[in-house]
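Below you'll find the structure, written out as structure tokens, and then a few comments.
The values are calculated or read from the model by the stated rules, or taken from the named source; none is laboratory data. Computed from a prediction, not measured in an experiment: that's the story for all the values here. Note: ideal-geometry Cβ built from the backbone for every residue, glycine included; neighbour counts use all protein chains shown. Side chains included, ligands, DNA and RNA excluded: accessible areas come from the protein's heavy atoms. Shrake-Rupley method; radii C 1.70, N 1.55, O 1.52, S 1.80 Å.
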Amino acid sequence: MDITILGIESSCDDTSAAVIRNNVLLSNVIASQAVHVKYGGVIPELASRAHQQNIVPVVDTALREAGVAADKLDAIAFTRGPGLLGSLLVGVSFAKGLSIARNIPMVEVNHLQGHILSHFIDLPDRQLPHPDFPFLCLLVSGGHTQIVRVDSPLEMRIVGTTIDDASGEAFDKCAKAMGLPYPGGPVIDKLAKEGDPKAFRFARPRIDGFDYSFSGLKTSFLYALRDATAADPGFIERRRADLCASLQATIIEILLDKLVRASKEFGITDIAIAGGVSANSGLRDAVAETGRRRGWRTFLPEFKFTTDNAAMIAMSGYYRYKHGDLATLDVAPAARIEQLL
Ligand code: KG4
Ligand code: ZN
């Protein structure tokens, strides 16, 4: 029996809706919010308003592109959290409205599990590589940096997590300090290609176990900029590519160090990456190269599944629906991850 799921994602600054049949993607529509660029970061109040404007046309388009009528859906999967509360409220409330109007069950999805389960989506004309269980996933997004041990689509355990900033945040904040536009990650990725990754050396964390820390790196980067700019106001402009390349190389080194250790500790060699930062070309190359050296099977997501999208929410919702995990109408968004795992 086919299972058709509508996914709704509104946790941050992208409004997205997608339709999946079993694990095959039928549509994936994303409305990005340009309004935040001029502020150099996401303004929660503006994000909520833009979601409110976008949600109906985005869902309509996703259903139309999939060729699926709303009353043919088996379930509506929505992101319950983590994310910005006002943004999540729009998606959750919309899911409830549609659920009541069409008498369709709802399924709540943890956004982070969604990122991980994007590795099980297939395209209508192409199967994508899927990891075997158990696998380790390096989850790197704007708000989170974790190593997750995935034993099944519904059983995941956080092995290591950031104790301060996320890797995406390090990209974004350092980019802002260099006067680069938001989001900084893709811009640094591009500029880094022209620079020398060994030009500057920044602080590396010394944290036991599999946890991450990026605030020390960020601080040392910001101090280096401040000191160099005091002596030479044109410093950032002149050395931008080297700064980007060195910063990116340091972030990748920190990420891979713990990932390699976790793989050894658990004896797991199916290694996936997911989340916005998994679009980073340097990180993708480094993971693939480390994998070749260490005999890993590595899984790098398609670019369209790296940053926030509803396809991954529909995919995660599919597994929850099959397992009978339905949400009730009193469900409320949860801004923090601790409430969800
Ligand atoms: O997963 P995501 O879309 O949203 C969250 O759930 O947070 O991740 C957004 C993050 C931002 O910090 C952005 O700068 C980063 O992903 N990002 C990148 C790249 N593309 C997006 N970071 C580095 N290199 C990229 N190419
Ligand atoms: Zn995300």
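Scan the stretch 252-299 for residues that are over 25 Å from Lys190 (Cβ atoms) and among the β-branched types (Val, Ile, Thr) and jot them down.
Val260, Ile268, Thr269, Ile271
Looking at Gly267, is it of a type in the set (Gly, Ala, Ser), surrounded by fewer than 21 Cβ atoms within 10 Å (Cβ to Cβ) and within 13 Å of ligand 1 (Cβ to nearest atom)?
On the way: of a type in the set (Gly, Ala, Ser): yes; surrounded by fewer than 21 Cβ atoms within 10 Å (Cβ to Cβ): yes; within 13 Å of ligand 1 (Cβ to nearest atom): no.
Against the criterion (of a type in the set (Gly, Ala, Ser), surrounded by fewer than 21 Cβ atoms within 10 Å (Cβ to Cβ) and within 13 Å of ligand 1 (Cβ to nearest atom)), Gly267 does not qualify.
Determine, yes or no, whether Ile273 is touching a Ser or Thr at 6+ places or on another chain (Cβ under 6 Å), assigned by TED's automatic domain parsing to the domain that holds Ile158, open to solvent by less than 10 Å² (accessible area, probe 1.4 Å) and touching a residue at least 60 places away in the same chain (Cβ under 8 Å). Talk me through it step by step, then tell me what you get.
On the way: touching a Ser or Thr at 6+ places or on another chain (Cβ under 6 Å): no; assigned by TED's automatic domain parsing to the domain that holds Ile158: yes; open to solvent by less than 10 Å² (accessible area, probe 1.4 Å): yes; touching a residue at least 60 places away in the same chain (Cβ under 8 Å): yes.
In short, no.
Hey, among the residues in the stretch 164-206 that are assigned to a loop (DSSP other than H, G, I, E, B), hydrophobic (A, V, I, L, M, F, W, C) and open to solvent by 20 Å² or more (accessible area, probe 1.4 Å), which one's farthest from Leu259 (Cα to Cα)? Let's see the steps before the verdict.
So in the stretch 164-206, the residues assigned to a loop (DSSP other than H, G, I, E, B) come out as 164-166, 178-183, 193-206.
Filter once more, so that each one left must be hydrophobic (A, V, I, L, M, F, W, C): 166, 178, 180, 199-200, 202-203.
The next check asks that each one be open to solvent by 20 Å² or more (accessible area, probe 1.4 Å); those that pass are 180, 199-200, 203.
Working: Leu180: 29, Ala199: 25, Phe200: 24, Ala203: 19 Å.
Only one residue tops the list, namely Leu180.
Taking interchain pairs and intrachain pairs at least six residues apart, which have beta carbon atoms under 8 angstrom, with the first residue in the stretch 220-232 and under 17 Å from Lys173 (Cα atoms) and the second not in a helix (DSSP H, G or I)?
That search, which allows pairs on different chains as well, returns Ser220/Phe202; Ser220/Ala203; Phe221/Phe202; Ala224/Phe200; Ala224/Phe202; Leu225/Met178.
All but one of (1) open to solvent by less than 30 Å² (accessible area, probe 1.4 Å); (2) farther than 28 Å from Asn309 by Cβ; (3) among the hydrophobic types (A, V, I, L, M, F, W, C) hold for Val287; state the number of the condition that does not hold.
(2)
Which one is nearest to Thr79 (Cα to Cα), of the residues in the stretch 2-26 that are open to solvent by 10 Å² or more (accessible area, probe 1.4 Å) and within 16 Å of ligand 1 (Cβ to nearest atom)?
Checked the stretch 2-26; the qualifying residue nearest to Thr79 (Cα to Cα) is Cys12.
State whether one or more residues within the stretch 277-290 are closer than 30 Å to Leu63 by Cβ and either charged (D, E, K, R) or touching a residue at least 40 places away in the same chain (Cβ under 8 Å) (or both).
Of all residues in the stretch 277-290, those closer than 30 Å to Leu63 by Cβ come to 278-279.
Checking which are either charged (D, E, K, R) or touching a residue at least 40 places away in the same chain (Cβ under 8 Å) (or both) leaves us with 278-279.
There is at least one residue in the stretch 277-290 that is closer than 30 Å to Leu63 by Cβ and either charged (D, E, K, R) or touching a residue at least 40 places away in the same chain (Cβ under 8 Å) (or both).
If Pro333 meets every condition in (1) at pLDDT 95 or above; (2) touching a Lys or Arg at 6+ places or on another chain (Cβ under 9 Å); (3) open to solvent by less than 20 Å² (accessible area, probe 1.4 Å); (4) within 16 Å of ligand 2 (Cβ to nearest atom) apart from one, which number is that one?
(3)
So which residues in the stretch 150-176 are farther than 30 Å from Leu222 by Cα and polar (S, T, N, Q), if there are any at all?
Ser152
Do the conditions hold for Asp257, that is, is it under 23 Å from Val59 (Cα atoms), without any contact (Cβ under 8 Å) to a residue 12 or more places away in the chain and open to solvent by 10 Å² or more (accessible area, probe 1.4 Å)?
On the way: under 23 Å from Val59 (Cα atoms): no; without any contact (Cβ under 8 Å) to a residue 12 or more places away in the chain: yes; open to solvent by 10 Å² or more (accessible area, probe 1.4 Å): yes.
The answer is no for Asp257.
Which is touching a Cys at 6+ places or on another chain (Cβ under 6 Å) and within 30 Å of Asp208 (Cβ to Cβ), of Val148, Val140? Walk me through it before giving the result.
On the way: Val140 fails: touching a Cys at 6+ places or on another chain (Cβ under 6 Å).
After applying the criteria, what remains is Val148.
Taking the stretch 290-313, which residues are part of a helix (DSSP H, G or I), touching an Asp or Glu at 6+ places or on another chain (Cβ under 9 Å) and either charged (D, E, K, R) or closer than 18 Å to Leu154 by Cβ (or both)? Spell out how you get there, then give the answer.
Going residue by residue through the stretch 290-313, those that are part of a helix (DSSP H, G or I) are 290-294, 303-305, 311-313.
Going one step further and asking which of them are touching an Asp or Glu at 6+ places or on another chain (Cβ under 9 Å), we end up with 311-313.
Passing the criteria: Met312, Ile313.
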